[in-house]
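Colleague: One structure, as structure tokens, below. Some questions next.
The numbers here are math on the coordinates, done by the rules we state, and not lab data. Fair warning: this is a prediction, and the values are worked out from it, not measured in the lab. In this analysis, Cβ positions are derived from the backbone assuming ideal geometry, glycine residues included, and neighbour counts consider all displayed protein chains.
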Amino acid sequence: MQYTIPHYYKQFRCIADKCPDTCCAGWQIMIDNRSLKKYSKVKGGFGNRLQNGIDWKVHAFLQQGGRCEFLNEDNLCDIYKECGANMLCRTCQNYPRHTEEFEGLREISLSLSCPEAARIILGEKEPVRFLTKEDSREETYEYFDFFLFTKLSDTRELIFQILQDRNLQISVRMAIVAALAHDIQIRIDKNSLFEIDTILERYRSNRMIPFFETALKPYSNREEERYKNLQQMGAVLDELEVLRPEWRVLLKDIRNELYQNGVEHYLRSREEFLSIFESIEVYSEQLMIFWCFTYFCGAVYDEAAESKIKLALFSTIFILELAHGMWLKQGKQLSFDDFTDLAHRYAREIEHSDPNLNKLDQIFQENNIYHLEQFLLCIMN
């Protein structure tokens, strides 16, 4: 078995009651069978409370006001307090560590939805490196398209190279990755996986950059179209499951700041925001790397590679929009902590809801608002 992690992975330490948020509220915490068995055997008064605080049909902790039954007033876990760390369920032991499972491979990341993990991910100034180790464990899946997975892995490796080429503006890097994913999806849909190697060689070519410098020009200097497109594209956020009521309030406030005074105000403020917020390029790179590492190769299970890249593009674009709006709301002030807070709040609403991830995946495949050309328009302006 091979294990892959980003190089900053081991920096994470839970900050417990010092955390500005809690991972024990706002989502349904599922309990693995092994933990359920242990919980059923706990004796005494706390055992009664523990067993009464579980939905045994759903295999999840009950909630009170959106908070886990065992989250106390200090935002600490009573199961941990009463029984120790070894009694935490798998979800609670692992979070914010996120594992994607493939045959013979586990890819483990930190979830952006955790404030401390977001601080680590976005605080990293250097390009992310990925570390691997192996053990003697072996496994075989009943069905696993290893050929497709190999092509996806090769594609993602090139995606990382493109995104981390700091000789190019991040907008150009994102646009090239969007185009690459589109070309790869065409080959997947045609069941022409053997053509993917040729596509990758083309994108590795020294001619790639001059080609895209010319090809992307028609998408530049169309800021007013971008302004309209963003509002159309962002409307999907209102159609998703809401995990925290304050998320809707935040969206409404940010949209008012950004759009209520019209396109000219938006464009002037955005130009100023980008000119003084020097870390945008690095933040955008790290966000794109995070989303691509976490989700792209999952396309081996549904063959929807391009929609995984669209999730990365959409998320990066709209986290930056949130930051622009918050900067306006706060009198043109935005700290690193403000930015990481916005990123984690966005990711929490998306990553903690399978229905939301699935809905976005479907919409990115089916709705022309999210066609490649619309993304290029948003990226290049």
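Colleague: Quick one: which residues, 5+ away or cross-chain, put their amide H under 5 Å from the amide H of Arg106? H built at 1.01 Å from N.
Modeller: The list, which skips near neighbours in sequence, is Gln2, Tyr3, Thr4.
Colleague: In whole angstrom, how far apart do the alpha carbon centroids of segment 290-357 and segment 35-108 sit?
Modeller: 27 Å
Colleague: Next question, about the same structure. Show which lysines lie in cross-link reach of Lys43 when reach means a straight Cα distance below 18 angstrom and same-chain residues fewer than eight apart are skipped.
Modeller: Straight-line reach from Lys43, under 18 Å: Lys81.
Colleague: Shifting gears a bit: Mind counting lysine pairs for me in segment 149-379? Cα separation below 26 Å, and the two need to be 8 or more apart along the chain or on different chains.
Modeller: Lysine pairs, 8 or more places apart or on different chains, close enough: 22.
Colleague: While we're here: Tell me, what is the FRET efficiency for Lys228 and Arg204 to the nearest 0.05, using R0 = 35 angstrom and their Cβ-Cβ distance as r?
Modeller: 0.50
Colleague: A further question follows. What distance in nm separates the simple spin-label points at Gln169 and Lys38, each placed 7 Å from Cα in the Cβ direction?
Modeller: Placing both labels 7 Å beyond Cα along the Cβ direction yields 5.3 nm.
Colleague: Contour minus end-to-end for Ala215 and Tyr143, with contour as 0.36 nm per residue of separation and end-to-end as the Cα-Cα distance?
Modeller: Computed gain between Ala215 and Tyr143 is 21.9 nm.
Colleague: Grab every C-alpha pair in segment 253-295, bin the distances at 10 angstrom width from 0 up to the longest one, and report whole percents.
Modeller: It works out to 25, 33, 34, 9, in whole percents.
Colleague: Right, here's the next one. Against the empirical 2.2 N^0.38 Å scaling, what ratio does the C-alpha Rg of segment 24-94 come to?
Modeller: Its radius of gyration relative to the 2.2 N^0.38 Å reference: 0.99.
Colleague: Taking Cα pairs under 8 Å and at least six residues apart, what relative contact order does segment 24-94 come out at, in percent?
Modeller: 38 percent
Colleague: Fully extended, how many nm does the chain gain between Leu76 and Leu357 (0.36 nm per residue separation, minus their Cα-Cα distance)?
Modeller: 98.3 nm
Colleague: Something else: Would you kindly compute the Cα radius of gyration of segment 128-257 and its largest Cα-Cα separation (Dmax), both in Å?
Modeller: Expressed in Å, the Cα Rg and Dmax of segment 128-257 come to 19.8, 57.
Colleague: Can you pull out the GluC sites (Glu not before Pro) in segment 8-98 that DSSP calls coil and that have at most 16 other Cβ atoms within 10 Å? Could you put the intermediate results ahead of the total?
Modeller: Numbers: sites: Glu69, Glu73, Glu82; in loops: Glu69, Glu73.
Taking segment 8-98 and a limit of 16 other Cβ atoms within 10 Å, the loop GluC sites (Glu not before Pro) found are Glu73.
Colleague: Separate question: Quick one: the Cα spread of segment 256-362 along its three principal axes, in angstroms, biggest first?
Modeller: Principal axes ranked by extent give 45, 26, 21 Å for the Cα atoms.
Colleague: Given R₀ = 41 Å, what would the calculated FRET efficiency be for Ala16 paired with Glu303, taking r from the Cβ atoms and rounding to 0.05?
Modeller: Rounded to the nearest 0.05, the efficiency is 0.50.
Colleague: Provide the descending list of Cα extents for segment 57-134 along its principal axes, expressed in whole angstroms.
Modeller: Largest first, segment 57-134 extends 41, 32, 23 Å along its Cα principal axes.
Colleague: Oh, and also: Taking the convex hull of the alpha carbon atoms in the chain, what volume per residue do you get, in Å³?
Modeller: So the per-residue Cα hull volume is 156 Å³.
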